[in-house]
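To start, the structure under review is shown below, and the notes come after it.
The values are calculated or read from the model by the stated rules, or taken from the named source; none is laboratory data. From a predicted model like this one, the values you see are computed outputs, not experimental measurements. Ideal geometry is used to build each Cβ from the backbone, glycine not excepted, and the neighbour counts take in all protein chains shown.
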Amino acid sequence: MNKILVSPSPHLHTKTSTKSLMRDVVIALLPAVVVSVLFYGWSELLVLGVSVASCMLLEFLITKYMLKKPCTLGDWSAVVTGVLLALNLPATTPWWVVFIGAVVAVGVAKLTFGGLGQNVFNPAIAGRVFLLISFPTYMTDWTKPAGFISNAAVDAYTGATPLGLVGEGGVEAIKGLDYLDMLFWNIGGSAGELSAIALLLGFAYLLVRRVIRPYITLSIWGTVAVFSGIFWLINPEVYTDPAFNLLTGGLLLGSIFMATDYVTSPMSNMGGVIFGVGIGLLTMLIRYFGAYPEGVSFAILIMNSVVPLINKWCHAKKYGR
Amino acid sequence: MMKTFSIGGIHPCDSKISKDCRIEVLPVPSKVFISVAQHLGAPATPVVKVGDQVKVGQVIAEPAGFISAYVHSSVSGTVKSIGPRKDLAGNNMTHIEIDVEGDEWVEGADLTDTLVTAIPEDNKEILDRIKMCGVVGLGGATFPAHVKLCPPPGKKADCLILNGAECEPYLTSDYRIMLERSKEIVVGAAIMKQVLGGCPAVIGIEENKPEAIKAMTAAVSELQATAKGYDGISVMTLRKKYPQGGEKQLIDAVMGRQVKSMGLPIDVGAVVQNVATSLAVYEAVQKNIPLVTNVMTITGDCLPMEKQHNYKFRIGMPLSYIAEYAGGVPEEAVKIISGGPMMGKAIANLDATTVKGSSSLLYLTAEQTVRGVESACIRCGKCAEACPMGLEPFLLNKYARNNMMDELEENAVQDCIECGCCLYSCPANIPLLDIIRLAKGDVIRIIRGRGQK
Ligand code: SF4
Ligand code: SF4
């Protein structure tokens, strides 16, 4: 023993670090990544590779040369953003569009606000929404590229997302969709939405590892189910049913992985519920009455901006007060 | 459903490595240095002079105020010097140095093992003995025990809670006395309960100590069957969660009541005493033995099993003497803690001596205790989720760094119990408690200053 260390209590520290939490999110995303690569093949690998690499490169260059802050590449948050952004795009997205998405996500939405912890909007969602508005044709090109394996349910509905189908042809257009099939192999849409089971597996992992609390995700699901349930009961000819709404349009991906982003969601459990209900309501309003067939990304972005307000009003119950 | 406190809490690794080590009695060294500040409140005033002969258990310092306590000699011998000496934090404090000669106790002390179960009837006399024997709370705060046992006028105790939670990792001294001195602890509880007017007494023990629960339950039933005055004592199993042994948390867990901010447990009818305090009360009242010994744990992951110990020590023994006797300080240790790893103090000076409330020498390695580099708050809310007082440490941290006193007070920084759950939990290694502790001190000073106007 050389020199005794003297410092204030506590003298122990949890093994959980920012890095381990972010790495856990990446691990939770792996099932969805594997499924998407299997089904969309080389083009999905390219999207993933470009997205992750550009997010990491941008994080490195900007923190080091522009902000002149300690480099935060090691905290894995850029990897999370990269994977999420990729899973939010169609597998056919050209590489330069992916790169622009990364610039918006990491360069604009994250680092101009001061980096991890300071950003108001979820970087991956910000990137996706920017692309959706700027490059609508690429972003709604749901042709299925050749994958490593194929599945009839997936192949049968190439050309449009289920929500897109509803947008064009009404509820009639999706008659005959097998929900059980959709649980495993969703149809069309962004790469990450392919398999609900893969996403739910990730959700379970995040809960077990205590990376996230379930309140936000569950309140989104609850709200979407109740809201669409009421409308569907009133008029099933016009409105899509709850199961359909839960399983399509990136709802699972968004509610599990993006709405639960620490930085851009409320701190308290109560706040989380309000946030989740807000996202659920906005999503359904946009889907049923808005111009875009899907609404999750917009709903999350809008609710992101309300988080400071929610944090201001929702505090945990204090002992003895 | 097993009970526990309702807000926050964490689950650090238990690490009760020394739990099966029986209590051994440390031999008396050739010299002791007894501090006059072994309790919360004013340091005691020495009443012996250099050259005086003292016996074990003789008063050597008297209380210097209402909240203060008697200090007794833990050895027999000659007073060698009275003067400043460094305590474990490295601060100077008056110590009485005594050269040991023999081991002669004061008259009246009953050193036999016979269990005395008949409780004196006169409560005043009991309180007097507790006070005269220098009994203080041994759960950490070392608050003079007799003061807590005399509720102020108009307040009534509804429940005496005996704290057997020992929720800090590593520590096993309370566990050992619950196994080895179960009946004495129960007698102590019965005495305190009688003084408090006969309210029920609950001994709270965490589920991870099944043997202690068994031993204490058996002791309670046996005493209830064989002696008078033991009704209304029970053992309650608590779910394992840190800081279960925090006074406010224990009251919440056992009684389902919460102490108001800046309030005292007695405001909600609770009196909490540690099991070790109960043992000290037993020895004071039934055996006439002043508080000059206690049990401490010598432990750490870097100590081999044969060097793990639970020792009965006498106050005033140099920590270095105990460390040497136990086999030396391990190579890998970078930090030595007195107390638990969550709330204990890092020892700056191993020449410091034991006090009434000493509970451990805990060796931690660099890997265990050196904090990671601080990074940005990622707003994960884990600190708030962990806080047993329902505070928002990330927010207090922000306000404290900007000196926003009003906001700090509004967000209850003064309620922080310094349990360390927030700092423990923060993935970004933000020194939350370091900062909150300072801010809490400032805010409490402001509140007190206001009260005096
Ligand atoms: S140290 Fe204070 S702020 Fe931190 S968790 Fe404990 S009570 Fe809460
Ligand atoms: S635990 Fe640390 S990183 Fe998480 S909110 Fe609290 S201060 Fe921020």
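The table for this structure:
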quantity	calculated
Any hit, the stretch B:284-298, residues being in a loop (DSSP other than H, G, I, E, B), more than 23 Å from B:A190 (Cα to Cα) and among the hydroxyl-bearing types (S, T, Y)	no
Test for A:S268: is it modelled with pLDDT of 85 or more and within 16 Å of ligand 1 (Cβ to nearest atom)	yes
Condition broken by B:N403, with the remaining ones in (1) polar (S, T, N, Q); (2) more than 8 Å from ligand 2 (Cβ to nearest atom); (3) assigned to a helix (DSSP H, G or I) satisfied	(3)
Unmet criterion (only one of (1) in contact (Cβ under 8 Å) with a residue 60 or more places away in the chain; (2) near ligand 1 (Cβ under 10 Å from one of its atoms)) for B:L433	(1)
Scan of the stretch B:406-424 for residues that are closer than 15 Å to B:I447 by Cα, within 15 Å of ligand 2 (Cβ to nearest atom) and assigned to a loop (DSSP other than H, G, I, E, B), ordered by number	B:N411, B:C416
Subset of the stretch B:240-266 (residues that are under 11 Å from B:S6 (Cα atoms) and of a type in the set (S, T, N, Q))	B:Q244, B:Q249, B:Q258
Subset of the stretch A:249-282 (residues that are touching a Cys at 6+ places or on another chain (Cβ under 6 Å) and either β-branched (V, I, T) or assigned to a helix (DSSP H, G or I) (or both))	A:M270, A:G271
Residue satisfying all of: in the stretch A:113-159; within 14 Å of chain B (Cβ to nearest Cβ) and closer than 20 Å to A:I100 by Cβ; modelled with the lowest pLDDT among these	A:F113
Residue list for the stretch B:1-10, filter: within 16 Å of ligand 2 (Cβ to nearest atom) and in contact with a strand residue (DSSP E or B) (Cβ under 7 Å, 6 or more places away or on another chain)	B:G9, B:I10
Condition met for A:G41 (surrounded by 15 or more Cβ atoms within 10 Å (Cβ to Cβ), away from chain B (no Cβ under 14 Å), in contact with a helix residue (DSSP H, G or I) (Cβ under 6 Å, 6 or more places away or on another chain) and among the small types (G, A, S))	no
Any pair with Cβ under 7 angstrom, 6 or more apart, that starts in the stretch B:375-396 at a residue that is within 14 Å of A:K317 (Cβ to Cβ) and ends at one that is charged (D, E, K, R)	B:A384/B:E392; B:M389/A:K318; B:M389/B:D415; B:G390/A:K317; B:G390/A:K318; B:L391/A:K318; B:L391/B:D415
Every residue from the stretch B:29-56 that is crowded, with 20+ Cβ neighbours inside 10 Å and under 21 Å from the mean Cα position of the chain (by Cα)	B:F33, B:I34, B:S35, B:V36, B:A37, B:Q38, B:H39, B:A44
Test: B:M389 is within 27 Å of A:I4 (Cβ to Cβ), within 10 Å of ligand 1 (Cβ to nearest atom) and facing chain A (nearest Cβ under 10 Å)	no
Failed item in (1) assigned to a helix (DSSP H, G or I); (2) at pLDDT below 90, with A:D24 passing the rest	(2)
All positions within the stretch B:425-436 that are closer than 26 Å to A:W76 by Cβ and either of a type in the set (A, V, I, L, M) or more than 15 Å from ligand 2 (Cβ to nearest atom) (or both)	B:A428, B:I430, B:L432
Considering residues of the stretch B:340-349 that are facing chain A (nearest Cβ under 8 Å) and touching a residue at least 12 places away in the same chain (Cβ under 8 Å) only, the residue farthest from A:H11 (Cα to Cα)	B:A348
Restricting the stretch B:350-378 to residues that are in contact with a strand residue (DSSP E or B) (Cβ under 8 Å, 6 or more places away or on another chain), part of a loop (DSSP other than H, G, I, E, B) and surrounded by 17 or more Cβ atoms within 10 Å (Cβ to Cβ), the residue that is farthest from the other protein chains (Cβ to nearest Cβ)	B:K356
Test result for B:A384, within 16 Å of ligand 1 (Cβ to nearest atom), among the small types (G, A, S) and either surrounded by 21 or more Cβ atoms within 10 Å (Cβ to Cβ) or closer than 30 Å to A:F257 by Cα (or both)	yes
Hits in the stretch B:389-400 - residues which are surrounded by fewer than 22 Cβ atoms within 10 Å (Cβ to Cβ) and away from ligand 2 (no atom under 13 Å from the Cβ)	B:G390
Test result for B:A323, within 12 Å of another protein chain (Cβ to nearest Cβ), out of contact with any strand residue (DSSP E or B) (no Cβ under 9 Å at 6 or more places or on another chain) and outside any loop (DSSP other than H, G, I, E, B)	no
Hits in the stretch B:235-285 - residues which are surrounded by fewer than 24 Cβ atoms within 10 Å (Cβ to Cβ) and among the polar types (S, T, N, Q)	B:T237, B:Q258, B:S261
Tally, over the stretch A:275-305, of residues that are more than 14 Å from chain B (Cβ to nearest Cβ), out of contact with any helix residue (DSSP H, G or I) (no Cβ under 7 Å at 6 or more places or on another chain) and closer than 18 Å to A:A109 by Cβ	1
